[in-house]
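One structure is given here, and the rest of the page talks about it.
The values are calculated or read from the model by the stated rules, or taken from the named source; none is laboratory data. Note that this is a predicted model, so its numbers are computed, not measured. Counting neighbours? That spans all protein chains shown, and the Cβs are built from the backbone with ideal geometry, glycine included. Side chains included, ligands, DNA and RNA excluded: accessible areas come from the protein's heavy atoms. Shrake-Rupley method; radii C 1.70, N 1.55, O 1.52, S 1.80 Å.
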Amino acid sequence: LLEGLSGDLRRVEREIAAPARAIFDVLASPARHAEIDGSGTLRGSAGGPKRLYLGATFGMGMAQQHVKYTSTNEVVEFVDNKVICWQTFGSVRGFRFVGGQRWRYELTPIGDGNRTLVKATYDWSDAIAGRFTVESMGFPSKARTALEATLRRLDAVVTG
């Protein structure tokens, strides 16, 4: 596990003993996101396609500090079995009050393809009121820990 720090993003990476396709299948399935979530904030899928694609939107039930809300996400990068990235917005009764952060996963096959380097990035450079909604709430330090836990859980799901 490696950590990358650069301005408005946090990045971790992990080698997983599975083909990129198997890992990507989990990442591209919103129904499985709560299963691999290392942040402890996801409360299940709130709608969307079974498998994500470029431009797809999906919702997730969320809770932070006893506040329940729904995140609305749009897939902004998608290269099958290689890259998936979605931008997320928190909303209550249809009003976007926070968000703009991006969650990005990049998969690189290693050797014969039965191992994969997974890079996970949390980028808040486009966040709405980022200094308040991200930085003052301590999310940069929490993001690294959450990403590490997510990759551990992802590893367990695809290899377990």
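Net charge around residue 24, counting only other residues with Cβ within less than 12 Å of its Cβ (Lys, Arg = +1; Asp, Glu = -1)? Write down the numbers at each step before the final one.
Numbers: positive: 21, 32, 51, 82; negative: 25, 80, 106.
Value of the local net charge: +1.
Tell me, in nm to one decimal, what length is gained between residue 53 and residue 74 on full extension, where the rule is 0.36 nm per residue of separation less the Cα-Cα distance? Walk me through the numbers on the way to the answer.
On the way: separation 21, 0.36 × 21 = 7.56 nm, distance 0.94 nm.
Additional length available on full extension: 6.6 nm.
Report the net charge of residues surrounding residue 109, where surrounding means a beta-carbon distance below 10 angstrom and charges are Lys +1, Arg +1, Asp -1, Glu -1.
Working: positive: 21, 82, 115; negative: 112.
Counting the neighbours of residue 109, the net charge comes to +2.
Residue-wise, which Karplus ³J(HN,Hα) couplings in Hz belong to region 79-86, taking 6.51 cos²θ - 1.76 cosθ + 1.60, θ = phi - 60°, and x for glycine or proline?
In residue order, the calculated couplings are 10, 3, 6, 10, 9, 9, 8, 10 Hz.
Taking the mean number of other Cβ atoms within 10 Å as a proxy for protection, how do you rank 105-115, 25-35, 145-155 from highest to lowest?
Working: 105-115: 14.3, 25-35: 17.9, 145-155: 19.5.
Most protected by this proxy first, the peptides run 145-155, 25-35, 105-115.
Note down the accessible area of residue 14, probe 1.4 Å, to the nearest 10 Å².
In the full protein context, residue 14 sits at about 60 Å².
For 93, 102, 51, what's the largest-to-smallest order of accessible area, 1.4 Å probe?
Details: 93 240, 102 65, 51 90 Å².
So the residues, ranked largest to smallest area, are 93, 51, 102.
If you count only protein heavy atoms and use a 1.4 Å probe, how large is the accessible surface of residue 119, to the nearest 10 Å²?
We get 60 Å² for residue 119.
Can you give the local net charge around residue 79? Use residues other than it whose beta-carbon is closer than 12 angstrom to its beta-carbon, Lys and Arg +1, Asp and Glu -1.
Details: positive: 82, 104; negative: 77, 80, 106.
Charge balance in the 12 Å sphere: -1.
Given the Cα-Cα distance of residue 21 and residue 114 and 0.36 nm per residue of separation, how much length would full extension add, in nm? Mind showing how you got there, number by number?
Working: separation 93, 0.36 × 93 = 33.48 nm, distance 0.98 nm.
That pair, residue 21 and residue 114, stretches by 32.5 nm at full extension.
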